[in-house]
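Take a look at the structure below.
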Amino acid sequence: MDLFLPRVCIACGERLLMNERHLCLGCMMDMPLTRYWERSHNPMADRFNEVVQKGLDPALGHERYAYACALFFYHSEAGYRHIPYQIKYHGNLEAGEYFGMLLGKKMASGGLWGDVDMIIPVPLHWARQWKRGYNQAEVIARAAAEALGVPVRTDILMRKRRTRTQIKLDIEGKARNVSGAFTVRQDAAIIFKDGGSVRHIVLLDDVFTTGSTLGSCFRALREVFPPHVRISVATLGFVGGT
């Protein structure tokens, strides 16, 4: 098949060898891994916890420090930016599964994620998912969850209104755009009242930019799950510092 439909590296566009998948060996070796799955405190976690603290309701109790990790650093000028783009807009679900599995394996080796009970992908609005045919976050989440040996739950969190694309919005605009966009399904709220036996939830998305979307999901879950349940986040790409 490579003779007629040659596979190319997502990052650099070079033709892949038979034993290479999605990235050529050079790009795989040079992938700017964050290694945040090994660090409880890191720039991504600090940024996410800052988002969480904004508008926090003191009545809900003290908020635990949330873990956060990403597979690689996302830079607009680097070829690795094509990974989430291929998954999200070009239907490259195999790449989503491959890099999701890689993320999950890194998390499984990191030592911070052994008590995770479930992974919840950031939901799409039903109309957008119907048009696209899939939710890229769910594709990544299912592969990561398989590597971690935990279930994926798509029956807990839902997007109750359709939001604008975040690409051209500034930080404040992104926060307003997704504010109140998510809620916990009523039946799930009953089942998980007071947290049940859940210890640690991971919210998963494709790319972490400002953290507004994940923060909005966090606040929706926190209305049901009390502070003793840690809610952390994981993504493929992280836009920001080192």
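The values are calculated or read from the model by the stated rules, or taken from the named source; none is laboratory data. Since the model is a prediction, treat every value here as computed from it, not as a measurement. Because the Cβ atoms are built from the backbone with ideal geometry, glycine has one as well, and the counts that use them run over all protein chains shown.
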### Query
Looking at the range 187-211, which of its residues are under 16 Å from TYR67 (Cα atoms) and either outside any loop (DSSP other than H, G, I, E, B) or not assigned by TED's automatic domain parsing to the domain that holds PHE225 (or both)?
HIS200, ILE201, VAL202, LEU203, LEU204, ASP205, VAL207, PHE208
### Task
Would you be able to say whether some residue in the range 185-202 is of a type in the set (Asp, Glu) and within 18 Å of ALA141 (Cβ to Cβ)?
no
#### Entry: Any chance LEU169 is at pLDDT 95 or above and either surrounded by 15 or more Cβ atoms within 10 Å (Cβ to Cβ) or touching a Lys or Arg at 6+ places or on another chain (Cβ under 9 Å) (or both)
no
### Message
Yes or no: the range 68-91 includes at least one residue that is closer than 30 Å to HIS228 by Cβ, small (Gly, Ala, Ser) and in contact with a Ser or Thr (Cβ under 8 Å, 6 or more places away or on another chain).
### Response
yes
### Query
Counting only residues that are within 18 Å of GLY100 (Cα to Cα) and modelled with pLDDT of 95 or more, how many does the range 10-29 have?
8
### Where a residue in the range 72-85 is within 13 Å of CYS12 (Cβ to Cβ) and its partner, wherever it lies, is surrounded by fewer than 17 Cβ atoms within 10 Å (Cβ to Cβ) and at pLDDT 95 or above, with Cβ under 6 Å and at least six apart
GLY79/CYS12
### Message
What are the pairs with Cβ atoms under 7 angstrom where one residue, in the range 128-157, is without any contact (Cβ under 8 Å) to a residue 12 or more places away in the chain and the other, located anywhere, is of a type outside the set (Phe, Trp, Tyr) and part of a helix (DSSP H, G or I)? Sequence gap at least six, or different chains.
### Response
none
### Task
Answer yes if at least one residue in the range 221-239 is of a type outside the set (Val, Ile, Thr), assigned to a loop (DSSP other than H, G, I, E, B) and within 14 Å of CYS69 (Cα to Cα), and no otherwise.
no
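Yes or no, residue by residue, for (1) buried (at least 21 other Cβ atoms within 10 Å of the Cβ); (2) part of a helix (DSSP H, G or I); (3) at pLDDT below 95:
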| residue | (1), (2), (3) |
| --- | --- |
| TRP37 | yes, yes, no |
| MET44 | yes, yes, no |
| HIS62 | no, no, yes |
| TYR65 | no, no, yes |
| CYS69 | yes, no, no |
| HIS75 | no, no, yes |
| ILE87 | yes, yes, no |
| VAL139 | yes, yes, no |
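Please determine, by comparing only the residues of the range 97-121 that are assigned to a strand (DSSP E or B) and out of contact with any Asp or Glu (no Cβ under 6 Å at 6 or more places or on another chain), which one is surrounded by the fewest Cβ atoms within 10 Å (Cβ to Cβ).
From the range 97-121, those assigned to a strand (DSSP E or B) are 118-121; that's our starting set.
Filter again for out of contact with any Asp or Glu (no Cβ under 6 Å at 6 or more places or on another chain), leaving 118-120.
Details: MET118: 17, ILE119: 28, ILE120: 23.
Out of the qualifying residues, it is MET118.
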